[in-house]
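**Q** First, the structure itself, so that you have it in front of you.
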Amino acid sequence: MIRPLLKLWAAPVLLAVLTIVGLLSALLGDGRWNALSAFALGTPVAVGTWFGLRRN
Amino acid sequence: MTPITIRRWAWIHKWSSLVCTAFMLLLCLTGLPLIYHHEIDGLLGNGVQAPQMAPDAPRADLDRVIAAGRAMYPNKMAMYVSQDVGEPDIWNLTLGDNPTDASYKSIAIDARTAQVLAQPSLEGGLMGVMYHLHVDLYAGLWGKLLLGAMGLLLLTAIVSGLVLYAPFMRKLDFGDVRRTRGPRLKWLDLHNLLGIVTLAWALVVGLTGVINTWAEPLLGYWQFTEMAEMTAPYKNLPPPMHLGSMQASLAHAVAAAPGMKIGFVAFPGTPFTSTHHYGIFMRGDSKLTSRLYRPVLVDAQTTQVTAQRALPWYLTALLISQPLHFGDYGGSPMKLIWSLLDLATIIVLGSGLYLWLKRGGAVKTEMKRSAANGAAVTATVEGSAAPALTAQGGEA
């Protein structure tokens, strides 16, 4: 019961959480906060690019 | 989810998307250059820069600064004077024929020498066109509200797309793109992949965009309620004939809001203040609080502070939603990521449109295949979901 749910939603939920962290962290400060934001927001972009262009 | 539920969500997804897609494509395309408007303005020579001076150079009297600007348009009245975060050497003065003049003049003045630096104009240029197409479609408040309504449809499309993600992806691993079984399946999978990875960002940018379209009504409500309360004692007084010193007003406002910096000043009669007050909007010092304003009302004749209070939650929400929509608060990496997410959204919109246009073909292929097999279409979730979109499309 839990496993198919996890398989389906684990990646989307993780990416959504990273997106929110990225959006909020840069609001709080510069420097490290901006770096954290770039990493967290960059992950969904990287994941989308990777799977979108991947040849299997 | 039963096939009926899926069919209903598919109907919601299809119609909410179809109605807003053309607008959203326009917003994505015009938003892309707007992410880089500062850089583009600089390249086009429309940027304003103050000459280098010693950092401790004395500041010019603000009344002199305002007088220098007004001398260029003696028949116009001052509407606003403001200072950008990180640009303490420049005052931006706005002049108009009346306190709500939409075709106002903007003048940049050196904060140390009170010399006019430039007259940056949004109108006429390429970025002005992008701005209007993105914000109000050249139709003022109604254009904004229309785009806001389209934004609400986008949010509906995103949420219904999220609901449909489950039945469409049940048989696939995350990120699977079926490339060898025809273009429709390939684009369906890409639509789902890019839709799900950009989901949270698109929800936030969509929602904050919608909130931004309500800026004028929100401001109007604030004026009608809180501003009216703050200026109640002045209600029946005639408008001031002579305006007092802005420099003195500013000093009193700074003393009344210790630790804060000046964001902008609204002249009497403009939507941000009363007909009797300078509305001096102070802002905090940190990255977050520099986005938030605290209005301090100064009697425009006596230059004394008469009231101040924090902004209500809905205007705070409006101010916070601005950076979250613009993507201008995390340096150049964030701008790049914003552009890439914008491009991904264009692909999601385009592929969605493609999938709808190709709906008939998919149904025919499916029917041919089942006829050739001489068997009923297997009732897999995927099999029931994909025609749900297309069968409904056929009826419409």
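**Q** What ranking do B:335-345, B:101-111 get when scored by the average of other Cβ atoms within 10 Å per residue, highest first?
**A** Ranked by mean Cβ neighbours within 10 Å, highest first: B:335-345, B:101-111.
**Q** Over the protein assembly as shown, with every protein chain in place, what whole percent of the accessible area is carbon and sulfur at 1.4 Å, could you tell me?
**A** Result for the protein assembly as shown: 66 percent of the exposed heavy-atom area is carbon or sulfur.
**Q** Given the rule -39500 (n - 2.57) for each run of at least 4 DSSP H residues, summed and divided by the residues of chain B, what is its mean residue ellipticity at 222 nm, to the nearest 500 deg cm²/dmol?
**A** Taken over chain B, the calculation gives -17500 deg cm²/dmol.
**Q** Moving to a separate point now. In the P(r) worked out for chain B, what percent of Cα pairs fall beyond 31 Å? List each step's numbers first, then the result.
**A** Working: 38769 of 78210 pairs.
Percentage above 31 Å: 50.
**Q** If you don't mind, another one. Explain nothing, just the number: relative contact order of chain B, from Cα pairs under 8 Å at least 6 residues apart, as a whole percent.
**A** Details: 563 pairs, mean separation 77.2, N = 396.
With pairs under 8 Å counted, the relative contact order is 19 percent.
**Q** Then there's this: Within the range B:123-230, report the chymotrypsin sites (Phe, Trp or Tyr not before Pro) that DSSP leaves as loop and that have at most 11 other Cβ atoms within 10 Å.
**A** B:TYR138
**Q** Using only protein heavy atoms and a 1.4 angstrom probe, determine the accessible area buried between B and A, summed over both sides, in Å² to the nearest 100.
**A** Interface area, both chains combined: 2600 Å², rounded to the nearest 100.
**Q** With +1 assigned to the C-beta of every Lys and Arg and -1 to the C-beta of every Asp and Glu, and no other charges, what is the dipole magnitude of chain B about the Cα centre in debye, to the nearest 20?
**A** It comes to approximately 1780 debye.
**Q** In Å², and per residue, what accessible area does chain B have when probed at 1.4 Å with the other protein chains present?
**A** Per-residue value: 49 Å².
**Q** What order do A:VAL47, B:VAL116, B:VAL85, B:VAL210 take when sorted by accessible area (1.4 Å probe), most exposed first?
**A** B:VAL85, B:VAL116, A:VAL47, B:VAL210
**Q** Related question: Which of the residues in the range B:307-346 show a loss of at least 40 Å² in accessible area from their chain by itself to the complete set of protein chains, at a probe of 1.4 Å?
**A** Residues of the range B:307-346 that lose at least 40 Å² of accessible area once the other chains are added: B:TYR329, B:ILE337.
**Q** I'd like to compare B:92-98, B:307-313: which one has the highest average count of other Cβ atoms within 10 Å, and what's the full order after that?
**A** Highest-to-lowest ranking by the protection proxy: B:92-98, B:307-313.
**Q** Can you list the residues of the range B:170-199 whose accessible area drops by at least 40 Å² going from the chain on its own to the full set of protein chains, with a 1.4 Å probe?
**A** B:PHE174, B:ARG179, B:VAL197
**Q** Using modelled backbone amide H atoms (1.01 Å from N, in-plane), which distant-in-sequence or interchain residues come within less than 5 Å of B:TYR80's amide H?
**A** B:THR94, B:PHE267
The values are calculated or read from the model by the stated rules, or taken from the named source; none is laboratory data. Here the structure is a predicted model, which is why all the values come from computation and not from measurement. Cβ coordinates were reconstructed from backbone atoms using ideal geometry, including for glycine residues, and neighbour counts include every protein chain displayed. Calculation scope for accessible area: heavy atoms of the full protein, side chains included, ligands and nucleic acids excluded. Shrake-Rupley method; radii C 1.70, N 1.55, O 1.52, S 1.80 Å.
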